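Have a look at the structure below before the remarks.
The values are calculated or read from the model by the stated rules, or taken from the named source; none is laboratory data. Everything quoted here is computed from the prediction, not taken from an experiment. Positions of Cβ are backbone-derived with ideal geometry, glycine not excepted, and every protein chain shown enters the neighbour counts.
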Amino acid sequence: MSRIDEFLNGVRTVAIAGHVNPDGDCVGSCMATYLYLRDNFPEIEADVYLEHFKPEFRFIEGIGNVKSRLLDKDYDLLILLDISSKDRIGVAGSLTEKTGKILCFDHHVTNREQYTWLINDPQASSASEVVYRYMDPDKISEKCAEAIYMGIVHDTGVFQYSCTSPETMRIAAGLMEKGVPFNRIIDKTFYQKTSLQNQLLARTLMESIQLFGGKLIIGYLKNRDISFYGAVSTDMDGIVSQLRNTAGVEVAVFMYEKEPGVFKVSLRSSEKVDVSAIAQKFGGGGHVRAAGCVMQGSVYDVINNLTLYLERDLV
Ligand code: 5GP
Ligand code: MN
């Protein structure tokens, strides 16, 4: 099938869901799907399920309708975006058990789940790019274009990462022609930081450590620091990218203690190392150059466990 329309035969109700800690691509692809259905299939009732996201994403049309708690309702079709694995769906996770048809758009090399339809292109820049390909460009409204554009901007690091292709740029050009306020989206949702975010970044950089002749950089925030600053997970977005920007670094690791002894770990690689393979060793997943997992123990347990695998690639 080549268009979303073809998955909608006989469908009256749709649930749309992304992953836990939704990032720009997750929010962008979910909201673009929602807006495309709203604009072109008004007879279909669609609900979007997303957990807490950055307030900067609030400019996206229709985002005020997003549900953070599951409604007591059955759906004909569940559309999943950017999720990587079923255990990361969060609030709408139980819908995978009770919804007859599941359509998943993704770009995670580690997504090997079973769905009615899995459209997964690990070469694509973003889930937003994948779902865009299944839309009729003439039926994409300016508001829907804004959501897709934001998704692409976030997962490409503003068209910087190696996942950016000529096709990505052509899609972005088409969205620009629809009038998206591209400079505002890039500035306000990607580059702009709150002063709290800058403080957390500064503290992490100050206390970061480098190993293997500087090829590995590790930054961390402990539970007590996060509580001290009153920070939430989205306040730590982007710290791992800044660590990776350090000259000579091949792999950057950022971890924060989300509850005592449990760390959310983000891994980024510059050129050589496949960090998705390392994340998978610890039950996580992601992409070759950007992956994540959850690990237990102290900061030093996590570092020891990771360096065991990273040593092979970095020494
Ligand atoms: P981040 O470090 O920004 O949380 O995630 C980087 C990439 O890895 C994203 O594409 C994200 O979906 C994926 N990822 C992060 N954490 C996990 C995890 O615990 N499990 C899986 N399967 N993927 C993850
Ligand atoms: Mn993504």
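With the requirement that a residue be touching a helix residue (DSSP H, G or I) at 6+ places or on another chain (Cβ under 9 Å) and either among the charged types (D, E, K, R) or at positive phi (or both), what does segment 4-44 give you?
Passing the criteria: D5, N21, D23, D25, R38, D39.
Inspect segment 59-74 for any residue being polar (S, T, N, Q), farther than 27 Å from P181 by Cα, touching a residue at least 24 places away in the same chain (Cβ under 8 Å) and assigned to a loop (DSSP other than H, G, I, E, B) and give the result as yes or no.
Scanning segment 59-74, I find no residue that is polar (S, T, N, Q), farther than 27 Å from P181 by Cα, touching a residue at least 24 places away in the same chain (Cβ under 8 Å) and assigned to a loop (DSSP other than H, G, I, E, B), so the answer is no.
Determine whether M31 is more than 16 Å from ligand 2 (Cβ to nearest atom) and either part of a helix (DSSP H, G or I) or in contact (Cβ under 8 Å) with a residue 60 or more places away in the chain (or both).
no
Hey, can you tell me all the residues within segment 260-290 that are aliphatic (A, V, I, L, M) and within 17 Å of Y309 (Cα to Cα)?
If the condition is that a residue be aliphatic (A, V, I, L, M) and within 17 Å of Y309 (Cα to Cα), then V265, L267, V273, V275, A277, I278, A279, V288, A290 are the ones that fit.
Among P22, P42, which is the only one that is modelled with pLDDT of 95 or more, out of contact with any strand residue (DSSP E or B) (no Cβ under 9 Å at 6 or more places or on another chain) and within 16 Å of ligand 1 (Cβ to nearest atom)?
Unique residue meeting the criteria: P22.
Which one of the conditions (1) at pLDDT below 95; (2) under 18 Å from the mean Cα position of the chain (by Cα) does S266 fail to meet, given that it meets all the rest?
(1)
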